[in-house]
Amino acid sequence: MALKDIEKQIYQKEDREILDQERTQHTPYSVYAKRDEAKAPSLTSFEIADQTFFQKYKKKITLWSLIALSVFVTIGIAGFVYSLNQQRFSDKRVVLEVKGSSQVSAGEDLSYTLTYRNDNLVALENAKITVELPKALTDSSLNILGQEKSEIREYSLGELAPRSKGEITIKGRLIGEQGSIQTIKAILNYKPSILNSSFDTKTEFATTIADSPVIVDIQSPLESVSGDTVNYVVTVNNKGSNDLKDLELRLEYPDTFAFVSSNITATGNEKNIFTIPILKAKGSYSVTVIGNLGGLDQEIKILKAQIGENKQGAFTLYANSQNSTKLGSPYVSIVQKVSPISGIVSAGETLDYTVTIRNNTQVRIGEGLLKVKLDSNLLDITKLKALGADFDSGSNTIIWRANALPQLKTFAPNEEGTINFSVPVKRIIPIDDFQDINYVIKTQATFESDEVPTTLGVNKIIQGNASEVKLATRLIPKSNIYYKSSTSSIINNGPIPLKLAQTTTFTVNWEIQNLTNDVSGVVLKATLPANISWTGQSTNNGFGKLSYNDRTKEIIWDIGNVPANTGLLRPLYRAVFQIAINPTPNQLGQEPSLLSKVSYTGKDVFTGIDLSGNIDTPSSNQVSDIQDQLTVEK
């Protein structure tokens, strides 16, 4: 458009109105401007916006949400069922209680009440109560019914209905030591009807035996001297209102007490057990024991007593007591010493004794006798050596008088004297029955004088220490070689005399004999020499284990325990095995050895000593049934 035209439009009125209208409606910035329909912009691939996490994993999130919801619903249902069952059943609402007396006197009647209760809304099936009673509980009804006493009782209750209860009563008497605590224990086992599991409810109750109807009283001398005679009086009192049966009084003597006699027959190896068939209510039982008490000056010696019930070998203690005696210096001390000092001797060995006596008073004691009693039939009295002594064969006692020992004539204050004697043990020990085992050789020394001054008391016999020596057993192993054995079924063959490069077999026979004590860990061993082999044929007759080590050529018979009297009153232990020899040229003209030294070991159970040794080595010229025919020939 020309400039003039433009100016006309500017300055002409009608044209100005048209121009204003275009300015307000046809410019891009005018609010009155007309616009075409919006078109979606064209975007390239890199201009597309990223999708959100939920849009990308929508399907998976939905799936897992459903699974989680199912789990929560299941847990919720289970929790609801559990809560419902909890309202119907809880093991805390199953009650078991035991009631009784917390303190009783021994022998007093008592009862235990077991109360059981089901406070649940469901029944309890297969309910059973197991009760463990105190061992001290006795029930007199069991004796009447002929039943045996049992500490375990079971009560089958069947089904316990909801909100039900019941009780069981157990009666008896507690018999036991004063101050002991007796406990009853109970277990209720059951299965709730709505569950498959079983449950236990436990309880227990303790009762103390505060008092005992049985009292043991011991009367013993407060003081005595070593070697003096003492009297013990033991009294048992039943202060209860019930009779007591099958009682047993057990005494534990001081270790240096020598039993002499009792007014009631005693049993046991130490004469220390007294049987009381029945002790009446308010009644008593008394026994007097007399013996000699030895020991050191100022030593305290204690006598102990126990009273209890003994039924079917089971001892139930009711009460116990003890009393003591203090020893002073004996008027005359007597001390025995024996050699061997180990206190163990073997058959055929000699025992050497030394007896020392001493006057411990401040006055003379005259015209005394010193005696030693030999309390054993194992000693060879024919070879007794006791200078200046007499021997009383009726009592097996050696007696020294004043003519043999000057001190016995006038025993001055604090004077001391010594005598010696010896006696051998028999070489052959008498074994007649199964009781002839574990022998002990005992000697007892005493001093007597009628001139003991009255200021010293009235005792005329002073007893010294006793001496004891244990006899060791003798284990007797034997080894023999046979060509023709009569003790086994093994058959030997081969040339006799021995031929070069030809095999000849022999049978070896091992035996074990044992005398007076059991022996443990018995083993026999031997080694096969060169050119001697193990054929594999053997038998141990059921005694131990017989084996051969091919690498070491060692034969071992591991027997184990061999009881006393084996080979005498019991069968002989025997093992048999076969060996073979194939002579070589370097043995031509010789008598080859068939077996090395046979060694044995074991342990004497009674004495504790180890046993070991070697059996004489058998060689070819010691084959029992063949002589002078074993030289190797071509």
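Based on every Cα atom in the range 117-250, Rg and the maximum pairwise Cα distance Dmax equal 23.4, 80 Å. Sorted into 5 angstrom bins from 0, the C-alpha pair distances of the range 268-319 split as 4, 10, 21, 24, 16, 11, 8, 5, 1 percent. Here the label points at Phe72 and Lys280, each 7 Å from Cα along the C-beta direction, are separated by 8.9 nm in the simple model.
In the range 269-301, whose amide N lies under 16 Å from the spot 7 Å out along Cα-to-Cβ of Lys326? List them in ranges. Within reach of a label on Lys326, which here means backbone N under 16 Å from a point 7 Å along Cα→Cβ, the range 269-301 contributes 296-301. The ratio of the alpha-carbon radius of gyration of the range 333-484 to the globular-protein estimate 2.2 N^0.38 Å is 1.31.
Taking the solvent-accessible surface of protein heavy atoms with a 1.4 Å probe, what is the per residue accessible area of the range 477-584 in Å²? Mind dumping the intermediate values first?
Values: 4600 Å² over 108 residues.
Per-residue accessible area for the range 477-584 comes out at 43 Å².
For the range 507-634, what percent of Cα pairs sit more than 21 Å apart?
Working: 3696 of 8128 pairs.
Summing the P(r) of the range 507-634 above 21 Å gives 45 percent of all pairs.
Seen from every direction in turn and averaged, the convex hull around the alpha carbons of the range 189-232 projects onto 8.0 nm².
Rounded to the nearest angstrom and listed largest first, the equivalent-ellipsoid semi-axes of the range 206-348 from its Cα gyration tensor are 34, 19, 14.
Would you list which lysines come within 26 Å of Lys383, measuring only between C-alpha atoms, while excluding same-chain residues fewer than 8 positions from it? In chain and number order, the partners are Lys337, Lys371, Lys373, Lys426, Lys442, Lys470.
At a 1.4 Å probe radius, carbon and sulfur cover how many percent of the accessible area of the range 503-634? Don't skip to the end; give the middle numbers.
On the way: 2620 of 5990 Å².
For the range 503-634, the apolar C and S fraction of the accessible surface comes to 44 percent.
Compared with the direct C-alpha span, the chain from Arg570 to Lys92 gains 165.5 nm at full extension, assuming 0.36 nm per residue.
Could you tell me how far the Cα centroid of the range 579-602 sits from the Cα centroid of the range 519-554, in Å? Distance between centres, Cα-based: 15 Å. Each listed q (0.21 Å⁻¹) maps to a log10 I(q)/I(0) for the range 306-351, found by the Debye formula over equal Cα scatterers with no solvent: -0.78. Full extension of the chain segment joining Val260 with Asp109 gains 50.2 nm, where the gain is 0.36 nm per residue of separation less the Cα-Cα distance. Can you spot the lysines whose alpha carbon is less than 20 Å from Lys280's alpha carbon? Ignore those fewer than 8 places along the same chain. Within the straight-line limit of under 20 Å, Lys280 reaches these lysines: Lys239, Lys245, Lys311. Taking a quarter of the surface of the Cα convex hull of the range 277-359 gives a mean projected area of 10.4 nm². Once the 1.4 Å probe is applied to the protein heavy atoms, the range 135-292 comes out at 54 Å² accessible per residue. Straight-line cross-link partners of Lys271 among the lysines, defined as a Cα under 16 Å from its Cα and at least 8 positions apart when in the same chain: Lys304.
So what is the relative contact order of the range 207-305, in percent, for Cα pairs below 8 Å that sit 6 or more residues apart? Each step should come with its number before you reach the end.
Numbers: 194 pairs, mean separation 36.9, N = 99.
Once normalised by length, the contact order is 37 percent.
Cross-link check: pairs Lys484/Lys634; Lys99/Lys171; Lys165/Lys185 evaluated at a Cα-Cα cut-off of 21 Å; pairs beyond the cut-off: Lys484/Lys634. Roughly how far apart, in whole Å, are the Cα centres of the range 469-503 and the range 337-407? Computed from Cα coordinates, the inter-centre distance equals 48 Å. Projection of the Cα convex hull of the range 507-550, averaged over all directions and equal to a quarter of that hull's surface, yields 4.2 nm².
How would you classify the range 462-534 from its alpha-carbon gyration tensor, with a ≥ b ≥ c the square roots of the eigenvalues: rounded for a/c under 1.5, else prolate if a/b is greater than b/c, otherwise oblate? Write down the numbers at each step before the final one.
Working: a/c = 4.69, a/b = 3.51, b/c = 1.34.
Prolate is the answer for the range 462-534, as a/c is 1.5 or above and a/b outweighs b/c.
The values are calculated or read from the model by the stated rules, or taken from the named source; none is laboratory data. A quick note: this is a predicted structure, and the numbers were derived from the prediction, not measured. In this analysis, Cβ positions are derived from the backbone assuming ideal geometry, glycine residues included, and neighbour counts consider all displayed protein chains. Surface accessibility is based on the protein's heavy atoms, side chains included, excluding ligands, DNA and RNA. Shrake-Rupley method; radii C 1.70, N 1.55, O 1.52, S 1.80 Å.
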